[in-house]
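What follows is a single structure, written as structure tokens, with notes after it.
Just so you know, all these numbers are worked out from the coordinates, no wet-lab data involved. Bear in mind that the values here come from a model prediction, so they are computed numbers and not experimental data. Here the Cβ is made from the backbone with ideal geometry for all residues, glycine too, and neighbour counts use every protein chain on show.
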Amino acid sequence: MPAKRLALLRALEKKVLWLSTWMIHNANHLRPSRDGLKVGGHQASSASVATVMTALYLDVLRPQDRVAVKPHAAPVFHALQYLLGHQSRDKLERFRALGGAQAYPSRTKDGDIVDFSTGSVGLGVGVTLFASLAQDYLRLHDMVPTDAPPGRMIALAGDAELDEGNIFEALLEGWKHDVRNLWWIIDYNRQSLDAVVSDRLFGRIDALFELVGWRVVTLKYGRKLEAAFARPDGAHLREWIDACPNSLYSALVYKGGEGWREHLLRDLNRYPGIRAILDEHDDDSLHALMTNLAGHDMEAVLDAFHSITDDRPTCFIAYTIKGYGLPLAGHKDNHAGLMNPAQMALFQRGMGVPAGAEWEQFSGLDLPEAELSALLRSVPLADAGARRRATPAIAVPEIPAPRGKRQSTQEAFGRILGGIAGGDSELARRIVTTSPDVTVSTNLGAWVNRRGIFDRAERQDTFREENVVSAQRWAMSPRGQHIELGIAEHNLFLQLAALGLAGPVFGGRLLPIGTLYDPFIKRGLDALNYALYQDARFILVATPSGISLAPEGGAHQSVAEPLIGLAQPGLLAFEPAFADELAVLLRWAFGEIQRDGGESVYFRLSTRPIDQPARTIDAGLAQAIVGGGYWLREPGPDCELAIAYCGAVAPEAIAAFDALAEDLPQAGVLAVTSPDRLHRNWRAAAGRGERGLAERLLERLRPDAAIVTVADSHPATLSWLGSVAHHRVMPLGVDQFGQSGDLPDLYRYYGIDQNAILDAAARACLSGRLASESIYPFQN
Ligand SMILES: Cc1ncc(C[n+]2csc(CCOP(=O)(O)OP(=O)(O)O)c2C)c(N)n1
Ligand SMILES: [Mg+2]
């Protein structure tokens, strides 16, 4: 690299450090506070990566590369985008304020500049691996142009992020899938939030990455230290610093030149070469020498990045100092530390930034403005255009309801997908399924038999080759449309995040469907939340669910998931009871996940076969199914009781209704296909002073009517229906762990069988007097 360009990049690195520090200072000390809360921001974490990120954003990155930035380096990221003209001063001034630059880089709130949101440590790192797999998928399926080289998926990780297990789950999966074009850059500042991190883990980190096929590039010492090591006795200095425990190194970084001198004199004074080095350096320059780590050496960083020209996954371990260049440097408590106004004033003087010129792009830099701005204009990212790609929507043909008088929603799902797989629609081409080792048991078998498993290489199905009979074909090829994952639900959700962003991130729209068992949503819940937070779009099929799974036992029986469905932003939750409802809903979902402002969709399905209604669904009913509910049995004009059910307990609701027909001929049965949609619509309509679907449905009841709600999930899933039009509610459901049993026993035990419904109905209808009595027919 020409010395001139290097000098310019160093100057801009200084500016990035300044702006990130100032942005945080401004937010905490200069912007008026209305609530007395600390605004925060991470000056030390930011300073730690100023060099690496400047090198990346102002030199190394190409337009097709995609990056997940360490969450607490957001200020550095915003500063770099500001220099590139992609972020406004106004947003920097409002860092961490409403509408300003976000605390942690956010795809949805910061906009086009952010490729992957970060915040929950570990997940941003993991998503890059699955994004590289998504990129391979798109290229091998010819869904994106392949004349340009693929982008590198890059994660900038804090060293403590490597304590998050999801990183290792991802690494193992990546090894199996032979991922490429992946860079993880570890900001090895030896500090986490609480303290200095243990030396032991990083002693093994190279081996760990190499084990799974990665190249490890360690950026340890900068040019000045390397020069010192090359002097007479310099090897002793290297040995000393190599052996220096993380905590001592960090403490000395904080103490500065005097501290270094004291320790080096004590340990190495017998070597004349070392004494010479000490004599030649005053405290400041000794400090600069001893903290000259390669992660702060622009030339070393650039050399390392540019030395990689192939697509092998590469881990860079960049030795850095947390708070480098700031008075907070190295102190173990610096994670949330902020420079005080006096320290800031001193720092500002050192940076040569005149008062009033704090936000200026080049103030305090001793290189000509024209050259600095020419460099910024020449950066590959400078006017690469929008990073977000728009992709045309995929048409969704009619989806016929699967035939069969008696079936479960899970079977229906398998048949519907099998049917789509058998056709040659664009929809079928764009669907990609993925599952963590439950492909067959979630009924994706028919789909996989027809569409194959994705792999970079062709791999025959050995059982088939050997003529071993199996219902399941398991051949793999680059044309396959199912990504088989090992059992790790975090990976499933990160894969769905990456596939669900394939359109905007890579310009190739995919319609991802992920399947897993309903209770294991909780295992990957943070990754699911993470995927949704950045507006990835996918369909989640969770099956089996609830105690309706019966003999499989308690550990597999989900209880709280419908409440997750209710409360989780970005996800619309449905729990249909019948196959024809599922057909309507899946068709709608393929549209919803493609819609501007749409959301991802979660289906909670069941293995319980139930009798199907003989009906054809007209447009009005289809709309109600999508809206969240309809009257399966219409209430009479003087209705004093409704049974509202959700999902697999439909037969119990219907049987109870039939049993009541003589006594309560006006009663009705409300089929709730989506508590989530009904609830949202209720709230949204109320906010507009209107009546939503839930009101319109429940207004059919007498004002003093009662509602018995029943679901194979926590009773709170439906109990809120009582608030819609002020009806008394008898909520039935499951609020204990499940256990093995058959359906009659379990439904009776947990109080969601026909008798429980009748019992609740009887109590409800006696009169409002009984409303205060115990209403739980739960039997021990
Ligand atoms: C899942 C999760 N747990 C906890 C936190 C709180 N937290 C924020 S940063 C951090 C430690 C960061 O250390 P490191 O990754 O080394 O980053 P550094 O600031 O040193 O660059 C923690 C625990 C979080 N953001 N996400
Ligand atoms: Mg750290």
Open item on the list: Regarding region 356-412, what's the average projected area of the Cα-atom convex hull, expressed in nm²?
Closed with: 10.0
- [ ] For residue 639, enumerate residues with amide H under 5 Å from its amide H, sequence gap 5+ or separate chain, H modeled in the peptide plane.
- [x] 702
- [ ] Give me the Debye-computed log₁₀ of I(q)/I(0) at q = 0.11, 0.14, 0.20, 0.21 Å⁻¹ for region 566-664, equal point scatterers on Cα only, no solvent, two decimals.
- [x] -0.39, -0.62, -1.11, -1.18
Open item on the list: Report D for region 639-728 in µm² per second (integer): Stokes-Einstein, Kirkwood Rh on Cα pairs, 25 °C, 0.890 mPa s.
Closed with: 184
Open item on the list: Translational diffusion coefficient of region 321-377 at 37 °C, 0.692 mPa s, Stokes-Einstein with Kirkwood Rh over Cα pairs, in µm²/s as a whole number.
Closed with: 249
- [ ] Starting from the Cα of residue 441, step 7 Å along the direction of its Cβ; do the same at residue 429; then give the gap between the two resulting points in nm.
- [x] 3.6
Open item on the list: For q values of 0.10, 0.16, 0.22 Å⁻¹, compute log₁₀ I(q)/I(0) with the Debye formula on a Cα-only model of region 330-451, without solvent.
Closed with: -0.66, -0.95, -1.20
Open item on the list: I'd like the distance separating the alpha-carbon centroids of region 305-348 and region 272-293, in whole Å.
Closed with: 21
Task: Cα pair distances in region 34-166, grouped into 10 Å bins until the bin that holds the longest one, percent each - done: 12, 40, 33, 13, 2, 0
Task: Average projection area in nm² (convex hull over Cα atoms of region 408-508, one quarter of hull surface) - done: 7.3
Open item on the list: Quick check on the chain: helices-only [θ] at 222 nm, where DSSP H runs of length 4 and up contribute -39,500 (n - 2.57) each and the sum goes over total residues. Nearest 500, please.
Closed with: -12000 deg cm²/dmol
Task: Between region 651-679 and region 124-189, the alpha-carbon center distance in angstrom - done: 49
Open item on the list: Rg over Rh of region 276-407, using C-alpha atoms and the Kirkwood radius, what does it come to?
Closed with: 1.22
TODO: Could you work out how far apart the two model spin labels at residue 614 and residue 269 are, taking each label as a point 7 Å from the Cα in the direction of the beta carbon, and quote it in nm?
DONE: 10.2
Task: Angstrom value of the Kirkwood radius, inverse mean 1/r, which spans all Cα pairs in region 615-662 - done: 12.2
Task: Gain upon complete extension [residue 97, residue 310; 0.36 nm per residue less C-alpha separation] - done: 72.5 nm
TODO: Show me 542-550, 230-238 ranked by packing, highest mean number of other Cβ atoms within 10 Å first.
DONE: 542-550, 230-238
Task: Within region 497-540: backbone nitrogen closer than 20 Å to the residue 168 label point (7 Å, Cα to C-beta) - done: 523-527
Open item on the list: Taking amide H atoms as placed 1.01 Å from N in the peptide plane, list the residues 5 or more away in sequence, or in a different chain, whose amide H sits under 5 Å from that of residue 157.
Closed with: 185, 186, 187
Open item on the list: P(r) for region 139-257, please, calculated from all Cα pair distances in 10 Å bins and given in %.
Closed with: 10, 33, 29, 18, 7, 2
Open item on the list: Over all directions, how big on average is the projection of the convex hull of the alpha-carbon atoms in region 481-580, in square nanometres?
Closed with: 7.2
TODO: Run through every distinct alpha carbon pair of region 698-755 and return the Kirkwood hydrodynamic radius in angstroms, one decimal place.
DONE: 12.3
Task: Stretch gain in nm, segment residue 199-residue 178, where the contour uses 0.36 nm per residue and the Cα spacing is subtracted - done: 4.6 nm
Open item on the list: Over the Cα atoms of the chain, each weighted equally, I'd like the Debye log10 I(q)/I(0) at q = 0.09 Å⁻¹, rounded to two decimals.
Closed with: -0.90
Task: Residue-span extension gain [residue 464 to residue 37] - 0.36 nm each, minus C-alpha spacing - done: 147.2 nm
TODO: Compute the separation of the alpha-carbon centres of region 452-485 and region 618-642 and state it in Å as a whole number.
DONE: 45
- [ ] Determine by what factor the alpha-carbon radius of gyration of region 98-180 differs from 2.2 N^0.38 Å, reporting the quotient.
- [x] 1.23
- [ ] Let me know the charge dipole size of region 227-336 about its Cα centre in debye, to the nearest 20, where only the beta-carbon of Lys, Arg (+1) and Asp, Glu (-1) is charged.
- [x] 320
